[in-house]
Amino acid sequence: MFQKIRVMMACRVTICIVLSVLINMASAAIDENREANALLKWKATLDSQSQVKLSSWNNGTSPCRWRGIQCDKTKSITSMDIQNFGLKGTLHTLTFSSFPNLLSIDIYNNLFHGTIPPQIANLSRVNHLNLSKNFFEGSIPKEIFTLTSLRRLDLFECHLSGQIPESIGNLSNLTYLDFGNNNLSGHIPTGIGKLTNLEYFSFINNSLSGSIPMEIGMMTNLQTIEFSYNTLSGVIPSTIGNLSNLQQIYLPNNTLSGPIPPSIWNMSTLTLIWLFGNELSGSIPSYIDNLAPNLNSLSLDDNHLSGSIPPTLGNLTKLTELYLRLNNFSGPIPSSIGNLFNLNYLTFQYNKLSGSIPDTIGNLKSLFSLELSNNMLTGSIPQGINNMTLLQDFLVAQNNFTGHLPPQICSGGSLMFFGAEHNHFTGPVPRSLKNCSSIVRIKLEGNQLEGDIAKDLGIYPNLKHIDLSDNKFYGQISSNWGKCHSLENFIISNNNVSGGIPPQIVKATKLGRIHLSSNRLTGKIPKELGRMKSLLELKISDNLLSGNIPTELGSLQNLQILHLAGNELSGNIPTEVVELPNLLELNLSNNKLEGSIPSHFGSFQPLSSLDLSRNFLNGTIPNVLGQLTHLQLLNLSHNNLSGNIPSTFGGMSTLTSVNVSYNQLEGPLPESKAFHTATIESLKGNKGLCGNVTGLVQCKTNSYSQKSHKATLLVLFLIFGILVLVLCVVGVSMYIICRSVRKKGDSAKEIQSEEHFSIWSHDGKMAFETIIEATKNFDDKYLIGIGGQGSVYRAELPSGMVVAVKKIHAESDPEDKSNLKSFKSEIEALTEIKHRNIIKLYGFCQHSRFSFLVYEFLEGGSVDQVLSNEAQASAFDWKKRVNVVRGVANALSYIHHGCVTPIVHRDISSKNILLDSEDEAHVSDFGTAKFLKPGSNWTTLAVTYGYGAPELAQSLEVTTKSDVYSFGVLCFEILMGKHPADLINSLLSPSTASITYNLLLVDVIDQRPPHPEKSVVGEIMLITKWALECLSQSPQFRPTMHQVSKELMMGKSPFSHDHFPMIRLGQLNEELLETPLM
C-alpha cells in the first residue's frame, strides 16, 4: 500500500517538474520572441545602410546568435554591444520594456540622434550604459537617474545640454561616470557626495560654472577627477584631501583661484596633478616631496603662482613631466632638479627665474624637452647638456646667458627646436648642428655668434625656419640652401655675409621669407627669384647690390614686403614691380634709380608704406599715388621730382606720414591732414611749395579770378533755381492728372489687374500712395543703394516711421524673369521667418509699372561699407565685431535648423549684413534664397564673387554647407577688415599653406580698431578657429551653423587669453592643434 502511494507521489512530482520545465521553456520562448521582435522592429526604423550592417538580425535565427547580442542560459538577452557599427537612427522606436534581463547596453561611436527617450528607465536591471560618441540632443532625461543598479554610465560626447540634477546622487552604485564633451551648464550638484563607490568622475569640456562642491570629499573611492575645460570658479575645496585613493586630478582651463590647498600636497597616492590655465596663486610648499612615492606628472602652467622653486622638488624622482611656465616664480633653479632622472619634459618658460642653470641638469639624460626661455637666467650653459642625446626641444631664449652654445646639442640626432635667441652667446654654432637632419626650427638671432655660415651649417631636409640675424656671421650664402626643401623662412640680416645671392636658392620652393638686409652682399639681384611663387617677404636692404631691379620680381604675386633700400641699384623702377597686387611695403630708397615714378600702382592695392627717397627720380608725382586707399607712409624726398603735388592726395584719410623734401615741387599743398600736420623738415628744399605750414609761404590768391568765380556761381544758381521751379510746376500738374486718371480707372483695374498689393506697417494698412509720396516717385535724392535686383530708397512716412524701400529693376529682356523670381523668393522667405538677426519685411507691392518691398530701415549700413570707411572701421571695435559674427551665426542657424522647411540664403556676404544703431547684425537680401525641399537644386549661381563654396564650380545642388563656407569668408573679412581672398588662397596652396598657418593671429587681424581687450581675445580666437573649419574644402567636414552658433554663444576659447600674442593661425586649425606654442 505504502509502496503504491510512493509510486503515485513520485509520478505526481515528475509530472510537476515536467510541467514546470515546459512552462519555463514556453515562457523563455515567449520572452525570446518578444525581445527578437522588439529588436527587429527597431532595426526597421534605422537607415538602409544600418540595416545591412545588422543583416544577422533576422527571423530565421535566435537573437542569441545575432551580432552584438548575448543571452543568459534562458536565452533572454542580457547584453547588447553594437559599438562602432556606424548605425544611424533614433532610440525612440526601441521598446526598452521588452528586455527585462538586459544588464549591459553599449552603443558607443554610432550616428544615433534625437533625444534620449525617458523609457530608458524601464531597463531596471542594467548596470552598464554606454551611449557615448553619438549625436543626441536635449538634456539628460531625469529618468536615467532612477537606474539604481547602474555601475557604469558613459555619456561622453553626446551633444547633450541642460543641467545636472541633484538626483544624480541616487546612482550610489556607480563606479564610472563620464559626462565629458557635452554642453552641460549650471553648477556641479552637491548630490555627488552620495556617489561613494565612484572611481572615475569626468565632466571635461562642458560649460559648468560655480565652485567645486565641498561634498566631493565624501567620494572616498574616487581615483580620477576630470573637470578640465569648464568655467569653474572659486577655490579648490580642501576636502579633496580626504580622497585617500585619488590618483589623478585634472582641473585645467577653468577660472579657479586662491592657493592650492595644503591637503593636496600630502596626497601620496597621486600620480598626476594638472591645474594649468587657472588663476591660482600662492607658492609651492617645501613639503611637496610628500608626493614623491607616485607622482609622475605635475602641470601648474599659466597661473599666478610665485615664490621660489623648493629644493625638495628634487625628491619627486618618479616625475616624467614638470610644467611651471607662465607664472611668477623667482629665484634660482635648485640643483636638486638633477635628481629627477626620469624627467622627459621640463618647462620653466615665462617666469622670473635668475641665477645660472645648475650643472646637475646634465643628469637628466631622459629629457626630451628643456624650455627655459623668457626668464632672467645668467651664466653659461652647463656642458652636461651635451649628454642629453634624446633632446628634441632646447629653448633658452630671452635670458642673459653668455659663453658658447653646447657643441654636441644634436649628438643624438633628435633635436627639432633650437631656440637661443636674444642672449649674449659668443663663438660658433654647435658643431653637431651641421649634420642635424632632424632640426625643424633654428632661432639664434640677437647674439654675438660668429663663423662661416657656408661651412658651419649643412643641408636640412626638415628645416622650416632659421634666423641668424644680428650676429657676426661671415662667409657666403651657400647654394645648398636650395636643397632645404621644407624651408619657409631664411633670415640672416645684420651680419657680415658677403658674395652674391645664389640663384639655386629658388629650389627651396616653400620659402616665404628671405631677409638678407644689412650684410655685404654684392652682384646683381638674381632674376630667378621671380620663380619663388610662395615668397611673401624679400628684404635685402643695406648691401652692395648693383644693376637693375629685375622685372621678373613682378611675377611674385603673393609678395607683400619688398625692401631693396640702401644698395647701388640703378635704372628705372619696373612697372611690373609696382603692379604687384598684394604689396604692403615697398622700400627702394637710397639707391641710384632714375626715370619717373611709374603710374601703374593699383588703387585697390593694400600698399601701406612707400619709400622711394634718395634716388635720382624725375618727372611729376603720379596722380595714382593719391588714390592708394591704404597708404600710411610716403617718402619721396631727395629726388628731382617737379610740378605740383596732385590734388588726389586731398582725399587720403589713411596717410599719416609724408616727406617730399628736397625736390623741385611747387604749388599748394593738398587738402590732406598728413600734409597740413607735416613739419617743415618734410617739405623744405623745394622750388615753390606754399601752404599753411610754419616755414612755408602762404599761397597767393587772385582777387580778379575770385570775383569772376563768384559771378559765375551766381549765374548758375539763378539758372538752377528757375529750372527747379519749372520742374516743380510740371511735376505737380502731372501728379494731379495721374491721380485723377487713377481714381477713374480704379474699378476697372480691380477686375482686370493681376497685380498684388500687400503692405503692413506698425499701425496697420499702409497705402500704396504713401510710399510713392514718401519717395517722390522714387526720386534719386532718396536713393541709398543699388543692388543686382533693385535700388533701395529711404522713405519717411507721415507717422514719422522710416523704412527702406527696395524697388525691383525692370527687366530689359521681356523673357528674363530673374528679378521677378528674386522678388517672389524674398517675399516667400521673409514671410516665413522671424528672427532678431534677420531684417524685417513690412510688406510688398507687385504692380504693372514697378514692384517693391518695404523693410525696416537700419541706420548702421552694411558691414562692407563700415569696413571700407577708415573712421567707421576704427570705431567698429572688437566687441562689436564679435557680436556681429554671433548675430549672423544665430540667423543662419535659425534658417537652416529652426524653420519647418530649411532655407539656404545662397548669398551671405558683407554687403548683405546690415547693422542697426546698436551695431546688431541683420541678415538681408533673401532674393536668392531657396527652401531646402527634397530634390531641390539651383539653376544659377547666385553667390557674390569671393564668397562661394568651391563645390559650386561642379554642382548646383542646394546645401546649407555652402552658406557655412560663405560664413567662414565673412568671419575672416570682419576679423581682417578686408576680404580674405589672399589669405584663403595661400591656405589652399601647398607651397604657402605652412607659411600662412605660421602667421600670428595678432598680426592678421585688422589693426585699425584699438587692440582687443583681454575680455574679448578668447572670442577672437574662437571665431578664427570656427572660421577655419567653415572654410574646409569638403562640405562634409564643415560644421553645421547650429554647432557654430552654439559654440560661439558658449564662448569657450581654445587657448587662454594670455596666449593671444603668441597664437598662430595653425594652432587654431582643428587638424593642427598640436602645434607647440613658440
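Observations
- Here GLU166 clears all of (1) charged (D, E, K, R); (2) surrounded by fewer than 16 Cβ atoms within 10 Å (Cβ to Cβ); (3) more than 39 Å from the chain's Cα centre (by Cα) except the condition numbered (3).
- All positions within the stretch 209-224 that are surrounded by fewer than 22 Cβ atoms within 10 Å (Cβ to Cβ) and either over 37 Å from the mean Cα position of the chain (by Cα) or closer than 28 Å to MET1049 by Cβ (or both): SER209, GLY210, SER211, PRO213, MET214, GLU215, GLY217, MET218, THR220, ASN221
- Residue within the stretch 282-300 that is of a type outside the set (Phe, Trp, Tyr), in contact with an Asp or Glu (Cβ under 6 Å, 6 or more places away or on another chain) and not assigned by TED's automatic domain parsing to the domain that holds THR347 present: no
- Residue count for the stretch 244-268 under the criterion of being in a loop (DSSP other than H, G, I, E, B) and out of contact with any Phe, Trp or Tyr (no Cβ under 8 Å at 6 or more places or on another chain): the result is 8.
- Selection count where residues are assigned to a loop (DSSP other than H, G, I, E, B) and farther than 21 Å from LEU313 by Cβ, scope the stretch 354-390: 4
- Selection from the stretch 284-295 of residues that are buried (at least 16 other Cβ atoms within 10 Å of the Cβ) and out of contact with any helix residue (DSSP H, G or I) (no Cβ under 8 Å at 6 or more places or on another chain): LEU295
- Scan of the stretch 274-297 for residues that are under 30 Å from the mean Cα position of the chain (by Cα) and either modelled with pLDDT of 95 or more or not small (Gly, Ala, Ser) (or both), ordered by number: TRP274, LEU275, PHE276, ASN278, GLU279, LEU280
- Residue selected from the stretch 836-890 under the condition of a type in the set (S, T, N, Q), buried (at least 18 other Cβ atoms within 10 Å of the Cβ) and closer than 22 Å to TYR793 by Cα, by the criterion farthest from the chain's Cα centre (by Cα): GLN846
- Unique match (being hydrophobic (A, V, I, L, M, F, W, C), part of a loop (DSSP other than H, G, I, E, B) and over 22 Å from HIS600 (Cβ atoms)) among LEU544, LEU535, LEU583, LEU559: LEU544
- Leading residue by the ranking (modelled with the lowest pLDDT) among those in the stretch 778-829 that are outside any loop (DSSP other than H, G, I, E, B), of a type in the set (Asp, Glu) and surrounded by fewer than 18 Cβ atoms within 10 Å (Cβ to Cβ): GLU828
- The set of residues in the stretch 648-671 that are closer than 23 Å to ASN618 by Cβ and of a type in the set (S, T, N, Q) comprises THR648, ASN659, SER661, ASN663, GLN664.
- Of the residues making up the stretch 332-366, just one is modelled with pLDDT of 95 or more, over 15 Å from ILE381 (Cα atoms) and of a type in the set (Gly, Ala, Ser), namely SER336.
- Pair list, Cβ < 6 Å and 6+ apart or interchain, from the stretch 416-429 residues that are touching a residue at least 12 places away in the same chain (Cβ under 8 Å) to residues that are of a type in the set (Ser, Thr, Tyr): MET416/SER438; HIS424/THR402
- Where SER589 falls short, out of the listed (1) surrounded by 18 or more Cβ atoms within 10 Å (Cβ to Cβ); (2) among the polar types (S, T, N, Q); (3) under 19 Å from MET652 (Cα atoms): (3)
- If you go through the stretch 976-1034 and keep only what is part of a helix (DSSP H, G or I), in contact with a Gly (Cβ under 7 Å, 6 or more places away or on another chain) and under 30 Å from LEU556 (Cβ atoms), you end up with ALA981, ILE995, TYR997, ALA1027, CYS1030.
- Test: residue in the stretch 610-621 that is buried (at least 17 other Cβ atoms within 10 Å of the Cβ), assigned to a loop (DSSP other than H, G, I, E, B), in the same structural domain as ALA678 (by TED's automatic domain parsing) and touching a Ser or Thr at 6+ places or on another chain (Cβ under 6 Å): yes
- Scanning the stretch 73-130 for residues that are surrounded by fewer than 17 Cβ atoms within 10 Å (Cβ to Cβ), among the β-branched types (Val, Ile, Thr) and out of contact with any Phe, Trp or Tyr (no Cβ under 8 Å at 6 or more places or on another chain) turns up just one, THR74.
- When we screen PRO262, PRO165, PRO189 for residues that are farther than 26 Å from SER132 by Cα and in contact (Cβ under 8 Å) with a residue 12 or more places away in the chain, the only hit is PRO262.
- Filtered residues of the stretch 543-559 (kept if touching a strand residue (DSSP E or B) at 6+ places or on another chain (Cβ under 9 Å) and surrounded by 20 or more Cβ atoms within 10 Å (Cβ to Cβ)): ASN543, LEU545, ILE549, LEU553, LEU556, LEU559
The values are calculated or read from the model by the stated rules, or taken from the named source; none is laboratory data. Because the structure is predicted, anything quoted here is derived from the model rather than measured. All Cβ positions, glycine included, derive from the backbone under ideal geometry; neighbour counts span all protein chains shown.
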